[in-house]
Amino acid sequence: MNEYADVGRILRGARIASGESQSRVAEDLGVSVRTYQSWESGARCPSLAQAARMRKSLGRYGDAFWGLIE
């Protein structure tokens, strides 16, 4: 089991609910699509600063992700 699997599932769900693509969110955050995909897969976890930007990028759907890390 990936160490960040729960983070990845919530992040993926928030992105899908917002209607955004991985490439669009990655571009908003200033990271590569590969980096963003590693977050969704649970292989890596975004930093707190990246998570804050993600909350803004995903709008109200980002609140679910933000609640997980607070």
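The values are calculated or read from the model by the stated rules, or taken from the named source; none is laboratory data. This structure is a prediction, so every number in the text was calculated from the model and none was measured. Cβ: placed from backbone, ideal geometry, glycine included. Neighbour counts: every protein chain shown. Calculation scope for accessible area: heavy atoms of the full protein, side chains included, ligands and nucleic acids excluded. Shrake-Rupley method; radii C 1.70, N 1.55, O 1.52, S 1.80 Å.
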With x for Gly and Pro, the residue-by-residue ³J(HN,Hα) of segment 35-41, computed from phi through the Karplus equation 6.51 cos²θ - 1.76 cosθ + 1.60 at θ = phi - 60° and given in whole Hz, is 4, 4, 4, 5, 5, 5, 7
For the chain, the percent of accessible surface on carbon and sulfur atoms (probe 1.4 angstrom, ligands and nucleic acids excluded) is 48
For segment 6-11, Karplus-derived ³J(HN,Hα) couplings (6.51, -1.76, 1.60; θ = phi - 60°; whole Hz; x for glycine and proline) come out as 5, 4, x, 5, 5, 4
Whole-Hz Karplus couplings 3J(HN,Hα) for segment 42-55, θ = phi - 60° and coefficients 6.51, -1.76, 1.60, Gly and Pro as x, run x, 6, 9, 10, x, 5, 4, 5, 5, 4, 5, 5, 5, 4
With all protein chains in place and a 1.4 Å probe, Glu27 shows an accessible area in Å² (nearest 10) of 140
So, with points 7 Å from each Cα along the Cβ direction, the Ser32-Ala52 label distance in nm works out to 2.6
What the Cα atoms of the chain span along the principal axes, largest first and in whole Å, is 28, 24, 21
Once Asp63 and Ile16 are pulled to full extension, the length gained, defined as 0.36 nm per residue separation minus their Cα-Cα distance, is 15.6 nm
